[in-house]
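The values are calculated or read from the model by the stated rules, or taken from the named source; none is laboratory data. If you're wondering where the values come from, they're calculated on a predicted model, not measured in any experiment. Please note: Cβ atoms are built from the backbone with ideal geometry, for glycine as well, and neighbour counts cover all protein chains shown.
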Amino acid sequence: MAIENNIKKLVDMRAEARMGGGAKRIESQHAKGKLTSRERINLLLDEGSFEELDMFVTHSITEFGLGDKQFLGDGVVTGFGTIDGRLVYVYSQDFTVLGGSLSETNARKICKVMDMAMKNGAPVIGLNDSGGARIQEGVLSLAGYAEIFQRNIEASGVVPQLSAILGPCAGGAVYSPALTDFILMVEDISYMFVTGPKVAKTVTGEDITVEKLGGPMVHASKSGVAHFVSQNEEEAIATLRKIFSYIPQNFRENPPRIENTDPIDRLCDNLNTIIPESSKKPYNILDVITTLVDNGEFLEVHKHYAKNIVVGFARFNGQSVGVVANQPNFLAGVLDIEASRKGARFVRFCDCFNIPIVTLVDVPGFLPGSTQEYGGIISNGAKLMFAYGEATVPKVTVTLRKSYGGAHDVMSCKQLKGDLNYAWPTAEIAVMGDSGAVEILNAKEINAIESEEERAKFIEQKEQEYRDTFANPYQAAKHGYIDDVIEPRNTRFRIIRALASLATKKSMMPAKKHTNIPL
Amino acid sequence: MFTTKLFLAIQWGDVFALIGICFTIVLCIMALFVLILQLFAKVSKKKTVGQPKDNEKQIIEKNEVKSSKDTKDGEIAAFALAISLYLNEVHDNESLVLTIKNKENSNWNNLNYYLQ
């Protein structure tokens, strides 16, 4: 009889813990169009795979009336489960319990799963929905945050860390997601900022809404903090699962390889005509990417930020790769501060987790002007160069059209240890474009011609000469900077074969404490 | 014996001359066929390449006679174009066979050994 009572107590306590802040608060959460912490976990993990830890943890604070407010689990659901059969550690903040505020015990729970993830070499996914620090706990709460931050830092580059912002995330709380690899936000329900609109109004006099200060689209398009924006939570969680399919468990493992259903010898005839005859005309690089990769599937990262460079995950012959490509359809694919940061961050992620990088180059150079110079295009451009030069994963580069000046060097050129560098016959690899070069090289002759008509004719003739000499891939190929010039329609096969040849690549950087990337 | 006699009886000069004439006729027919195809291709190219300007377009639309003959001509031109494109296509053909068989876990770049 005693054992039955004991079991009943356990069952009752579990039921109580699963109710979080109670039926009323769950109803309120649903009314806001939000799922509860456990509903989110159920959506994220394989059915029946979740094992919850620390379900009966409660806080020990009695000040400010907190003694009466005890909830089993203390506002965060933690544990482990699987996604497509692969182990993952999860924490999900429960907004129905004291607004999901972070307490010392609550933080300890999160730290426990992070420590376990590090011990077992498995990714960590954080589902954030918290009002911030539990003010009643004072410095204990702040210490809790710092404990999490330290673990985020230590886990960086060891196991992948993903964060979904599914509610408020303000103050110090923003820094844990910011330290992770990818951040997802959801339209209408999530926002992130260090200081909210009220503080902004008081300190700077700026009158701004929550949405405009820290809404999903702001962070996706302006700050670049959010890598993905979803319409709803279901979509966000599906995206988390999708990202997971491209990445390995930890830095010592390779990404999962899936069975390929797209023929490796598929000729991409449309690529033979995709580059417009005029080098000034744009085209959509996404058409090239989706033509090349397996089944046209491409998971674009940072879709709304720095659109002049496209980064994301795809597969070649079932192998996960990171794709980096200039986008001629936006600002002619020029490299600017934001594009450099975006590209560098992605390249470094791929390098951390053994994901080969395929780079498609069509870059006219760096964006000129005082805004860029004052904003630090030098150090930001250097970040992308640093990231490529430092990356030891297989690097396959295909130059489609323009590759001019310093931007040519930055975009995974041969000297930055590009493993296999190909070019299409339409490639133009040179110090600068034809008009700029002629202006410099023939300045004296041009100035000496009085007739405007004759001058234009002369310039046209010189530009043509320049194009014939430099606007092709053969100068670079002559020096071995391009390994081969390939017909566009063969590109898919050539990339697949290149990746297969590089599967046993071993490359090491000299011993050091750590690099000093120009941050 | 019979075969030797037969061999000696044949006028080999005539035989070679006959073969030559036949070969020339076949060659001429083939050349004619190629020329006709090229002519079709040129006609169709003229029709397809170079979009007419707006005013030209209006004139064409005005004078356009939708007859079965026109449709037939168009079809022939399209076929001729397709044949021409097929015949004139130049490609850098590759084997498209992946012969590299990678081992699942090579000791060469085993991540446990060389990543500290």
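Some values worked out for this structure:
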item: Residues (exposed (fewer than 15 other Cβ atoms within 10 Å of the Cβ) and among the aliphatic types (A, V, I, L, M)) located in the range A:225-257; result: A:A238
item: Qualifying residue in the range A:61-84 (condition: in contact (Cβ under 8 Å) with a residue 60 or more places away in the chain, under 19 Å from A:D129 (Cβ atoms) and surrounded by 13 or more Cβ atoms within 10 Å (Cβ to Cβ)); result: no
item: Scope the range A:373-408; condition within 23 Å of the chain's Cα centre (by Cα), farther than 27 Å from A:E277 by Cβ and either not assigned by TED's automatic domain parsing to the domain that holds A:V310 or not hydrophobic (A, V, I, L, M, F, W, C) (or both); matching residues; result: A:G375, A:G376, A:S379, A:N380, A:G381, A:K383, A:Y388, A:G389, A:E390, A:T392, A:P394, A:K395
item: Single residue of the range A:308-337 satisfying the filter (in a helix (DSSP H, G or I) and touching a helix residue (DSSP H, G or I) at 6+ places or on another chain (Cβ under 8 Å)) that is farthest from A:I429 (Cα to Cα); result: A:I337
item: Residue tally, condition touching a residue at least 40 places away in the same chain (Cβ under 8 Å) and either within 27 Å of A:K34 (Cα to Cα) or among the hydroxyl-bearing types (S, T, Y) (or both), over the range A:138-151; result: 4
item: The range A:472-512, residues that are within 29 Å of the chain's Cα centre (by Cα), within 14 Å of chain B (Cβ to nearest Cβ) and of a type in the set (A, V, I, L, M); result: A:I495, A:I496, A:A498, A:L499, A:A500, A:L502, A:A503, A:M508, A:M509, A:A511
item: Residue in the range A:340-355 that is crowded, with 18+ Cβ neighbours inside 10 Å, modelled with pLDDT of 95 or more and more than 20 Å from the chain's Cα centre (by Cα) present; result: no
item: Hits in the range A:393-411 (condition: at pLDDT 95 or above and either in a loop (DSSP other than H, G, I, E, B) or of a type in the set (F, W, Y) (or both)); result: A:V393, A:P394, A:M411
item: Within chain B, helices (runs of 4 or more DSSP H) holding 2 or more residues that are modelled with pLDDT of 75 or more and exposed (fewer than 10 other Cβ atoms within 10 Å of the Cβ); result: B:12-48
item: Filter result (in contact (Cβ under 8 Å) with a residue 60 or more places away in the chain and outside any loop (DSSP other than H, G, I, E, B)) within the range A:412-431; result: A:K414, A:Q415, A:L420, A:N421, A:Y422, A:A423, A:E428
item: Check on A:N516, away from chain B (no Cβ under 14 Å), surrounded by 15 or more Cβ atoms within 10 Å (Cβ to Cβ) and part of a loop (DSSP other than H, G, I, E, B); result: no
